[in-house]
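Reviewing the structure listed below.
Where a number appears in this text, it was derived from the coordinates with a stated rule and is not lab data. Keep in mind that what you see is a predicted model, and the values were worked out from it rather than measured. Positions of Cβ are backbone-derived with ideal geometry, glycine not excepted, and every protein chain shown enters the neighbour counts.
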Amino acid sequence: MIFSNIDSQIIVLLIPALVFSLSFHEFAHAWMAYRLGDSTAARMGRLTLNPMSHLDPIGSLALLLMGFGWAKPVPVDPRYLKNPRQDMVKVAAAGPISNIILAIIAAFVLRLLFDTDLLSNSVKTFFIIFMQINITLAVFNLLPVSPLDGSQILSPFLEKQFGPDTVWKMQVYGPRVLFIIIIISMVTDIHIFSFIITPIFNLFILIFFNF
């Protein structure tokens, strides 16, 4: 997940929103796997919203210092799933979908409070940050680049259309491609993923707030 140009004045609002959103994302993966028959994540204490179970110390520090970070991946054992190929897609999709749901909830709350005295500048800023974080998490993780969720979601289709070699190449070369893009973004200050995420966030705002 990538963030850039973080204003130090909003760090206090950003951190709790980010911690909860990341934890909810990983919890959603664990919950879906558990529902589909795999209790691996549950046995490892990942079926919880407790941030300490999901946050990676190095990934969290990198996020604050460099604008890029990660949480602990949720372990899933396909052997325990009833329909491994289809169920792995559901498990992968659960994370981004959970962030979309959180963004929609935040939008409804913000819209509901918009004309009331309850919506101070700090509250408004928090909900906007919360929406942006969750949309960023959803869109970024849906990119078809391994090890992001999008690659897992597309794997059955790609394997059926182009064969298992294509999926294997995605798994091998995907992390390298992702790493190169991140390094280029950091060195040149041209944040490539923002070209995808920002228009979607703006569309989200337009749909819910019509401004």
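Each of Val76, Val187, Val123 was scored by the projection of its Cα onto the charge dipole of the chain, and the greatest displacement toward the positive side belongs to Val76; charges sit on the C-beta of Lys, Arg, Asp and Glu.
Among Pro51, Pro164, Pro96, the largest mean-square fluctuation in a Gaussian network model of the chain, built with springs joining Cα atoms closer than 10 Å, belongs to Pro164. Protection proxy ranking, highest mean first, for peptides 74-87, 149-162, 124-137: 124-137, 149-162, 74-87, where packing is the per-residue count of other beta-carbon atoms within 10 Å, averaged.
Footprinting exposure proxy ranking of His191, His54, fewest other C-beta atoms within 10 angstrom first, gives His191, His54. Here are a few candidate values for Cα extents along the principal axes in Å: (i) 98, 28, 24; (ii) 63, 42, 32; (iii) 55, 40, 34. Which one was actually calculated from the structure I just gave you? Identified label for the calculated read-out: (iii). The residues Asp56, Asp38, when put in order of fewest to most other Cβ atoms within 10 Å, stand as Asp56, Asp38.
Fewest to most neighbouring Cβ within 10 Å: what's the order for Ser60, Ser194, Ser98, Ser21?
On the way: Ser60 19, Ser194 16, Ser98 22, Ser21 27.
Final ranking by Cβ density, sparse to dense: Ser194, Ser60, Ser98, Ser21.
Placing unit charges on the Cβ atoms only, positive for Lys and Arg and negative for Asp and Glu, gives the chain a dipole magnitude near 540 debye about its Cα centre.
Report the Cα centroid-to-centroid distance between segment 20-63 and segment 101-121 in angstrom, as an integer. What the calculation gives is 27 Å, centre to centre.
Here the Gaussian network model covers the chain, with springs between Cα atoms less than 10 Å apart; of Val167, Val91, Val139, Val167 fluctuates the most.
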